[in-house]
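Data block below; observations after.
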Amino acid sequence: MEDTNKCKVFNKSGKLICDLLLILIAEKPSYGYELSNRLCEMGITIPEGIGQKGRVYRALSDLEKKKEIKFDWDTTSSPPRKIYKITQKGKDRIKNFIIEMEEQIKVFKNFISKAKENI
């Protein structure tokens, strides 16, 4: 029997994980480990195994290179941690992501409707 309390695995492209991380960072500036946990709380997790958390950090590094996030050092903890914050460029990306997802939702709703009619 499947455990319905487990986080769903979202094994998609790096683009999707970046979009999801941006949304979480826009909600609340966070450090990498916390972002990974927040993904899980939202029902999304990286597949188990070697490099599980590394995928989140690689995505954060990509977002940093694209200047969609920036960071400040939190020196109140040991060791110091990067606290990621969203930039205007990152907010613009989220706006585009929302438009894309709304279009995809319409397509999925059409397919679901057709499926219901034919089963």
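The values are calculated or read from the model by the stated rules, or taken from the named source; none is laboratory data. Small disclaimer: the values here were computed from a predicted structure and weren't measured. FYI the Cβ positions are ideal-geometry reconstructions off the backbone, even for glycines, and counts take in every protein chain you see.
Below is a table of values for the structure above.
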| read-out | value |
| --- | --- |
| Hits in region 17-39 - residues which are in a helix (DSSP H, G or I) and either at pLDDT below 85 or small (Gly, Ala, Ser) (or both) | Ala26, Gly32, Ser36 |
| Checklist (1) modelled with pLDDT of 85 or more; (2) touching a helix residue (DSSP H, G or I) at 6+ places or on another chain (Cβ under 6 Å); (3) in a helix (DSSP H, G or I); (4) surrounded by fewer than 16 Cβ atoms within 10 Å (Cβ to Cβ) applied to Lys67, failing item | (3) |
| Selection within region 78-94 - surrounded by 10 or more Cβ atoms within 10 Å (Cβ to Cβ) and either hydroxyl-bearing (Ser, Thr, Tyr) or part of a helix (DSSP H, G or I) (or both) | Tyr84, Thr87, Lys89, Gly90, Lys91, Asp92, Arg93, Ile94 |
| Any pair with Cβ under 8 angstrom, 6 or more apart, that starts in region 19-38 at a residue that is free of Cβ contacts under 8 Å to residues at least 40 places away in the same chain and ends at one that is of a type in the set (Val, Ile, Thr) | Leu20/Ile44; Ser36/Ile46; Ser36/Val56 |
